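Here the structure comes first, spelled out in structure tokens, and everything after it is commentary.
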Amino acid sequence: MNSSPVHSSQTSIHADLERLVRKHAATEYLRPIPPFSAAVFAEICGTVQQWLQEHPSASIVLDSCCGTGESTAHLARRHTNAFVIGIDKSAHRTKKHGQLEHNNDSTETRNYQVWRADCEDIWRLLPTLFREQKIICEKHYCLYPNPYPKPHHILRRWHGHPLFSHMLALSAETEMRTNWRVYAEECAEAARILGYTAHYQELSIDAPFGDAMTAFERKYAASGHTLYKICMTKQHEFS
Ligand SMILES: C[S@@+](CC[C@H](N)C(=O)[O-])C[C@H]1O[C@@H](n2cnc3c(N)ncnc32)[C@H](O)[C@@H]1O
């Protein structure tokens with residue numbers, strides 16, 4: 001269960017962060033959507049449309065990189081007026097969802113579902129669903145994404161990725177969590193560069209870790225790591 005804290009030769013915000021964030025925000029991301037992702041997206045649309053027929057005032061909560069979907073089920077209990085979409089690209093992890101102890105609601109009544117898919121594709125497709133169904137994503141969570149601590153891997157961190165501005169635009173409020181302070185600092189700074197209000201704070205998850213939302217959160221907390229929550233919100237738009 002014990003895990004080592006993140007080790008990196010990078011101890012503060014990457015010198016290239018601002019240049020990258022601005023360049024990416026000004027560049028269109030052209031990778032074609034693969035048929036597999038389009039098929040998963042069609043499934044998501046069908047499920048959400050059906051949910052909306054019975055719950056017309058529902059909103060969406062998005063749980064990106066949800067792993068086994070433990071957090072997705074947790075968020076569904078917390079956001080009872082929302083339908084929670086959990087996405088993770090690992091079949092190994094998403095398959096485990098059915099085996100989780102807490103997953104005992106029936107598929108018909110539960111207000112969430114976990115799909116195996118690549119966020120890079122689903123994030124680009126979701127605005128169409130939100131527009132067509134006139135539905136809002138009230139909160140976007142992305143908990144403990146891979147930190148990629150080597151300095152030259154900054155492009156793999158979500159805030160260094162070409163789709164970061166797209167990721168933030170999905171919801172008025174985005175929350176990320178990490179066990180690496182530099183990730184939290186950089187992510188909040190990248191969001192501010194894009195005009196968001198952003199801050200990070202330490203998160204305390206005490207033994208016996210019943211409050212942990214995910215398997216990684218429980219493992220990191222049990223190993224004594226400092227955990228951080230990054231909150232990013234859209235600034236008010238003045239007309
Ligand atoms: C460190 S794990 C955290 C999982 C979970 N949120 C937790 O806290 O237990 C990072 C997760 O991100 C997922 N992931 C990485 N890149 C992804 C992508 N492009 N699309 C979807 N999932 C991705 C991985 O499959 C992995 O499950």
**Request:** Run down VAL48, VAL61 and say which single residue is touching a Leu at 6+ places or on another chain (Cβ under 6 Å), in contact (Cβ under 8 Å) with a residue 24 or more places away in the chain and aliphatic (A, V, I, L, M).
**Result:** VAL61
**Fill in**
Within region 115-167, of all residues that are away from the ligand (no atom under 11 Å from the Cβ) and part of a strand (DSSP E or B), the one surrounded by the fewest Cβ atoms within 10 Å (Cβ to Cβ) is GLU138
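Consider THR197 carefully, then state whether it is within 30 Å of HIS55 (Cα to Cα) and in a strand (DSSP E or B).
no
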**Item:** Residue list for region 168-184, restricted to those being among the aromatic types (Phe, Trp, Tyr) and surrounded by fewer than 18 Cβ atoms within 10 Å (Cβ to Cβ)
**Value:** none
**Prompt:** How about region 75-96: which of its residues are more than 18 Å from SER171 (Cα to Cα) and away from the ligand (no atom under 11 Å from the Cβ)?
**Reply:** ARG77, LYS95
**Asked** How many residues are surrounded by fewer than 19 Cβ atoms within 10 Å (Cβ to Cβ) and acidic (Asp, Glu) when one looks only at region 43-78?
**Response** 2
**Item:** Residue within region 194-210 that is touching a strand residue (DSSP E or B) at 6+ places or on another chain (Cβ under 9 Å), among the hydroxyl-bearing types (Ser, Thr, Tyr) and within 12 Å of the ligand (Cβ to nearest atom) present
**Value:** no
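Listed here are the residues, each with its yes/no results for (1) within 23 Å of LYS229 (Cβ to Cβ); (2) touching a Phe, Trp or Tyr at 6+ places or on another chain (Cβ under 6 Å); (3) charged (D, E, K, R).
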{"position": "LEU75", "(1), (2), (3)": "yes, no, no"}
{"position": "VAL84", "(1), (2), (3)": "yes, yes, no"}
{"position": "HIS92", "(1), (2), (3)": "no, no, no"}
{"position": "GLY98", "(1), (2), (3)": "no, no, no"}
{"position": "TRP123", "(1), (2), (3)": "yes, no, no"}
{"position": "PHE130", "(1), (2), (3)": "no, no, no"}
{"position": "CYS142", "(1), (2), (3)": "yes, no, no"}
{"position": "PRO147", "(1), (2), (3)": "yes, yes, no"}
{"position": "HIS152", "(1), (2), (3)": "no, no, no"}
**Enumeration of residues in region 38-66 that are out of contact with any Ser or Thr (no Cβ under 6 Å at 6 or more places or on another chain) and within 16 Å of the ligand (Cβ to nearest atom)** = ALA38, ALA39, VAL40, PHE41, GLU43, ILE44, VAL61, LEU62, SER64, CYS65
**Message:** I'm trying to understand the selection: among the residues of region 206-224, which are of a type outside the set (Lys, Arg), over 16 Å from HIS140 (Cβ atoms) and crowded, with 18+ Cβ neighbours inside 10 Å?
**Reply:** ALA212, PHE216, GLU217, TYR220, ALA221
**Prompt:** Can you name the condition, by its number, that SER171 falls short on among (1) assigned to a helix (DSSP H, G or I); (2) under 12 Å from the mean Cα position of the chain (by Cα); (3) away from the ligand (no atom under 16 Å from the Cβ)?
**Reply:** (1)
**Request:** Kindly indicate whether THR72 is over 28 Å from SER165 (Cβ atoms) and either within 13 Å of the ligand (Cβ to nearest atom) or modelled with pLDDT under 95 (or both).
**Result:** no
**Item:** Selected residue (criterion: surrounded by the fewest Cβ atoms within 10 Å (Cβ to Cβ)) from residues of region 20-42 that are within 16 Å of ALA117 (Cα to Cα) and β-branched (Val, Ile, Thr)
**Value:** ILE33
**Request:** Mind telling me which of the residues ILE60, ILE44 ends up being at pLDDT 95 or above, over 30 Å from SER223 (Cα atoms), assigned to a helix (DSSP H, G or I) and of a type in the set (A, V, I, L, M)?
**Result:** ILE44
**Fill in**
For region 102-114 the number of residues that are modelled with pLDDT of 90 or more and surrounded by fewer than 21 Cβ atoms within 10 Å (Cβ to Cβ) is 3
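The values are calculated or read from the model by the stated rules, or taken from the named source; none is laboratory data. Fair warning: this is a prediction, and the values are worked out from it, not measured in the lab. Backbone-built Cβ (ideal geometry, glycine too); neighbour counts: all protein chains shown.
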